[in-house]
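*Asks:* One structure, pasted below without further comment.
The values are calculated or read from the model by the stated rules, or taken from the named source; none is laboratory data. Values in this document were obtained by computation on a predicted structure and should not be read as measured data. Glycine also receives a Cβ, built like all others from the backbone with ideal geometry; neighbour counts cover every protein chain displayed.
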């Protein structure tokens with residue numbers, strides 16, 4: 001259902017980052033395992049590390065990333081790339097954003113608009129943010145559709161000002 005909504009909006013992919021600020025240590029690992037297992041069982045897809053990647057209707061790629069901590073995602077990508085030798089910005093960007101080849105246009109933040117999770121370190125540069133004060137476990141297709149509708153009504157200037 002999510003891929004249908006995303007396709008109707010003209011998007012090629014949707015990345016959902018599971019945000020769980022209250023979890024610590026072993027709880028985080030258990031939550032990641034449970035989330036990946038639930039996504040694969042309920043929607044299909046292939047698990048790739050802490051992510052589940054599924055190709056839906058119309059070729060829309062849906063990625064569920066269970067690592068909400070931006071520093072951890074960058075460190076993991078850096079370690080993986082360091083084994084290959086010299087690391088540059090484009091290689092790091094590709095590793096952090098994988099399997100998607102570009103910065104996201106829209107980032108849906110689950111939680112209050114007064115609290116920005118640390119997961120958005122990389123994504124903030126060229127992305128629009130939509131805040132939904134909804135728990136991760138309560139998100140449904142209607143929430144995603146509302147976020148996309150909000151995004152489509154925006155006038156994107158990429159840091160520019162109105163003349």
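*Asks:* Only one residue in 82, 94 is farther than 23 Å from residue 110 by Cβ, surrounded by fewer than 14 Cβ atoms within 10 Å (Cβ to Cβ) and without any contact (Cβ under 8 Å) to a residue 12 or more places away in the chain, so which one is that?
*Replies:* 82
*Asks:* Here is a further query. Under the condition of being part of a strand (DSSP E or B) and out of contact with any helix residue (DSSP H, G or I) (no Cβ under 6 Å at 6 or more places or on another chain), which residue from the stretch 122-137 is modelled with the lowest pLDDT?
*Replies:* 129
*Asks:* Step by step: first the residues of the stretch 37-53, then only those that are touching a helix residue (DSSP H, G or I) at 6+ places or on another chain (Cβ under 6 Å) and under 18 Å from residue 104 (Cβ atoms), then the one that is modelled with the lowest pLDDT. Which residue is that?
*Replies:* If we take residues in the stretch 37-53 being touching a helix residue (DSSP H, G or I) at 6+ places or on another chain (Cβ under 6 Å) and under 18 Å from residue 104 (Cβ atoms), then 50 is modelled with the lowest pLDDT.
*Asks:* Could I ask something else about it? When the residues of the stretch 92-121 are filtered to those that are more than 19 Å from residue 12 (Cβ to Cβ) and assigned to a loop (DSSP other than H, G, I, E, B), which remaining residue is modelled with the lowest pLDDT?
*Replies:* Top of the filtered list is 121.
*Asks:* Among the residues of the stretch 49-79, write down those that are loosely packed, with under 14 Cβ neighbours inside 10 Å and in contact (Cβ under 8 Å) with a residue 40 or more places away in the chain.
*Replies:* Once the filter is applied, which keeps residues that are loosely packed, with under 14 Cβ neighbours inside 10 Å and in contact (Cβ under 8 Å) with a residue 40 or more places away in the chain, the stretch 49-79 yields 57, 58, 59, 71.
*Asks:* Which residues, counting only those in the stretch 67-91, are more than 22 Å from residue 53 (Cβ to Cβ) and part of a helix (DSSP H, G or I)?
*Replies:* Scanning the stretch 67-91 gives 71, 82, 89.
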